[in-house]
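The values are calculated or read from the model by the stated rules, or taken from the named source; none is laboratory data. Because the structure is predicted, anything quoted here is derived from the model rather than measured. FYI the Cβ positions are ideal-geometry reconstructions off the backbone, even for glycines, and counts take in every protein chain you see. Quick note on the areas: whole protein, heavy atoms, side chains included, nothing else; ligands and nucleic acids left out. Shrake-Rupley method; radii C 1.70, N 1.55, O 1.52, S 1.80 Å.
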Amino acid sequence: MTDSLVQNPATKRAVSADDEELVALLEQRERIGIDTEFMRERTYFAQLCLVQIATPSKIYCADPLDAGDLTRFWDALMRCPWIVHSGRQDIEVIYQTTARLPASLFDTQIAAALSGYPPQFGYAALVEALTGRELEKGHTRADWARRPLPAAMLDYAAEDVEFLVDAADVLSERLERLGRFEWAVEDSHALLDVSLYDADPAAAVERIKAARNLRGRARRAAVLLAGWRERRALASNRPRRWILKDSVLVDIAQSNPNGERQLSKIDGMPAATVRRRADELLAILAEASAGDDDYVPPARPDERQKRTLKEMQRRAAAVADELGIAQEVIAPRKALVAAMLGERDGRLFTGWRREAIGERLLELLD
């Protein structure tokens, strides 16, 4: 890898996202490194504030806030092959902004893990491992919506893509030698599943850990309350916790208040929400009480299942050791538990993992 971009600051440009030079370059459909800066502390949807784009010769910090018509920019950007590092959040923010996903994707964090680096290896750590350079970390909580952005913040933002193309090349060469390049392509492509980014109020309860062990009426209430909160957050573009905190939502579901007064006594219950939304919340609780399904949380594994899971973990660990990668990369515990409980269409039994580990697990499970 080279640090020529560091020695030549003129290759870095801060531009409007509708900049003609940038758009024309993107329309050539060359590979690009891409990262984003965004704000979401006060909103449900993140506010996209900056799109950093790296080519082998130039880096652009593209400002979408002060731009005009961005149709050409987004059209061109989506046709380029993207290189990202731990790109799920960046993809989510751009998808929420445009309702579009790129044509292809290569994630260097995924590639690094399959090369033998630790799982969740950060971009700065990867750059240091490959180049010896330590990156600036001083603007991780900056206000990216402010304008104009100081030069120091733009330099920091540019560093986030400066080495991506070179890193992808180095890691791709290593993976080709190991026979794992297609593994990285497959796992990167999985990040382009729109279901990862579409909000589903019906599934909102799954985000609330404290609701997982609720049963019967309390579980039905939590499901309905979580869906109500999700729709309110979506409609108002406000964080879920601003509508109702998780702890308050679970308390409501469990205590089942039968009136506005009892509702107001729940610890942490916003008075304004009681005034404005009490009727809605009490109607949800009444609907939950009228339900006749009896949800029971998944039972804890019995002794036989525990032994099976332990053997699955042993086999996964042996394969991971053979490959020189972390076990959680090839077979996360959550996937092993799902397989032990009967799931046969999960990631362990599709794609490259089926041959690497899935068949060995099926021998045990079947």
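Worth a mention:
- Answer from Val274, Val329, Val319, Val337 - the residue that is open to solvent by less than 50 Å² (accessible area, probe 1.4 Å), modelled with pLDDT under 95 and assigned to a helix (DSSP H, G or I): Val337
- Only one entry of Glu182, Glu128 meets the criterion of being over 22 Å from the mean Cα position of the chain (by Cα), within 30 Å of Trp352 (Cα to Cα) and open to solvent by 30 Å² or more (accessible area, probe 1.4 Å), and that entry is Glu128.
- The range 102-125 residues that are modelled with pLDDT of 95 or more, paired with ones that are of a type in the set (Lys, Arg) (beta carbon under 6 Å, 6 or more apart): Leu114/Arg180; Ser115/Arg174
- Residue selected from the range 340-360 under the condition in a helix (DSSP H, G or I) and acidic (Asp, Glu), by the criterion least open to solvent (accessible area, probe 1.4 Å): Glu359
- First in the range 63-82 and closer than 17 Å to Ala99 by Cα, second anywhere and of a type in the set (Gly, Ala, Ser) and open to solvent by less than 30 Å² (accessible area, probe 1.4 Å), Cβ under 6 Å, 6 or more apart: Pro64/Ala17; Leu70/Ala17; Phe73/Ala17
- Filtered by the rule that a residue be open to solvent by 20 Å² or more (accessible area, probe 1.4 Å) and part of a strand (DSSP E or B), the range 10-34 gives Lys12, Arg13, Ala14, Ser16.
- Matching option when the condition is in a loop (DSSP other than H, G, I, E, B) and either open to solvent by less than 40 Å² (accessible area, probe 1.4 Å) or touching a Phe, Trp or Tyr at 6+ places or on another chain (Cβ under 7 Å) (or both), among Arg133, Arg100: Arg100
- Residues that are under 21 Å from the mean Cα position of the chain (by Cα) and β-branched (Val, Ile, Thr) within the range 185-234 comprise Val185, Val194, Val205, Ile208, listed in sequence order.
- The range 216-245 residues that are free of Cβ contacts under 8 Å to residues at least 24 places away in the same chain, paired with ones that are β-branched (Val, Ile, Thr) and open to solvent by 20 Å² or more (accessible area, probe 1.4 Å) (beta carbon under 7 Å, 6 or more apart): Arg232/Ile243
- Condition check for Asp169: open to solvent by 50 Å² or more (accessible area, probe 1.4 Å), at negative phi and either among the hydrophobic types (A, V, I, L, M, F, W, C) or outside any helix (DSSP H, G or I) (or both): no
- When the range 43-62 is filtered for residues that are more than 19 Å from the chain's Cα centre (by Cα) and open to solvent by 20 Å² or more (accessible area, probe 1.4 Å), the ones remaining, listed by number, are Pro56, Ser57, Lys58.
- Residue, surrounded by the fewest Cβ atoms within 10 Å (Cβ to Cβ), within the range 201-215, restricted to residues that are free of Cβ contacts under 8 Å to residues at least 40 places away in the same chain and either among the basic types (Lys, Arg) or in contact with a helix residue (DSSP H, G or I) (Cβ under 8 Å, 6 or more places away or on another chain) (or both): Lys209
- Positions within the range 202-221 being part of a helix (DSSP H, G or I), in contact with an Asp or Glu (Cβ under 6 Å, 6 or more places away or on another chain) and modelled with pLDDT of 95 or more, in sequence order: Ala204
- When Gln89 is tested against (1) open to solvent by less than 30 Å² (accessible area, probe 1.4 Å); (2) of a type outside the set (Asp, Glu); (3) within 23 Å of the chain's Cα centre (by Cα), exactly one condition is not met: (1).
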